1. Checking the structure you have, find out if any residue of region 229-236 is exposed (fewer than 15 other Cβ atoms within 10 Å of the Cβ), farther than 18 Å from Leu60 by Cα and at pLDDT 75 or above.
2. So, in region 400-437, how many residues would count as being surrounded by fewer than 20 Cβ atoms within 10 Å (Cβ to Cβ), of a type in the set (Val, Ile, Thr) and either in a helix (DSSP H, G or I) or modelled with pLDDT of 85 or more (or both)?
Amino acid sequence: MAEREISQSRLYEWLTGDDDSRMCQDIPDAACREQPHNFFLHLSAALGNKLADELSSARLVLPWLLGVIGAPLWMIGLLVPIRESGALLPQLFVAGLIRLKPQRKWAWVVGGVVQALAAAILALLALYGQGGLGGTLVLATLIVLSLARGLSSIATKDVLGKTIAKGRRGNLMGWSGSVAGAMTLVAGGTLMLFQDRPGELALAALLGIAALGWLLNAACAASIKEEPGAVEGGENAWSSIKLGLRLLRDDRDFLHFNLSRSLLLASALSLPYVALLGQQQSGTELGGLGVLIVVSGVAGMLANPLWGKRADASSRTVLRDTGLGAAACCLLGAGIAWLPGEWTQTVWPYASVYALLVIVHAGVRLGRKTYLVDMAGHARRALYVALSNTLTGVIMLLVGGATGLLAQWLGTDWLLVVLAAMGLAAAVSAARMPEVE
């Protein structure tokens, strides 16, 4: 047992580049002694969560699922808004409740188990769901999954802060992201090998693996050795909302930022429609989904280094350029669908557009985070972030519902033209924002 602990400590020190695993800055001594053990539990939990997130993606896998079961087109527009807003909106209210618990890992465990059950239900719907009823059940299950995701997200950050010392948390997330990304590429590559087999079994398998990923996440969370923490200091959600609304009224730069951020939702909302367009043009076979998963994973790995230095120089220009990029990708996707030729009946041109959109969307996410942090003062940064996230969650639901109705009326290709106009408006709005770097 002692020998295993020594080996674990040495592996931890090698992964983190840390000479002494028992030296900690901002966590108690008892938590510091357990840090190597907890590090690997956090790593495994994050691996399960990241893999599950990718294999149940509302931007890619779930649009494919709705297409396979023949759900109405308008439902596609609700997938990303439900997934994102369901995780964002309750956080302001749930955070105070979690704060009352001396050990927060059990909230994390509950969130992981509920997400696993939701993914298992989605797997069954891939096999047996049909039409509007099947689509409605997918959306209802996604609501439950998203709320559980929000609960886990808050608890995970709290437990991470209590069990892993400052200076090692980013390293932990970096390793987990790399391993999960590699496994996602393997999953996508495996699907490509099956070529033209029907997609129902493949979707059920992917979602079943996602359920196992969240069970792994919950099991690792339950095994973390967490010292009881303080239960004071929970914030009143309504007071925070009132203060935030006053800031939104009085701070014109913050209001302008949120207008630009709302218009930049074009990048997120267009992703499932590009995936759906690829499915409509090439068929529902398994190989096409595998291609999209692979190109999405590769694009995701390339995206952040591409935008990082640019955001440090000027996050405003990153937001402007990503608005233009989203518009160009939407027009390109629609244009390919209108062109004649057999090459437009394969998944590859749409996969290329999807990859470009993933890169653009990563720039939107990185640019908006950098701009908001640099714009907000230290004293109000947390409030600015919480208010902006909540506001975006509400707007995403409204705009997502509207795009779904437009898709049902106009069709997928013309909806992408509408989203292109939204991206151009975002670029104009971002170009007029003040520099904050």
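1. no
2. Residues meeting the conditions: 3.
The values are calculated or read from the model by the stated rules, or taken from the named source; none is laboratory data. It should be emphasised that the depicted structure is a prediction, and the values quoted were computed from it without experimental measurement. All Cβ positions, even for glycine, are placed from backbone atoms using ideal geometry, and neighbour counts span all protein chains on display.
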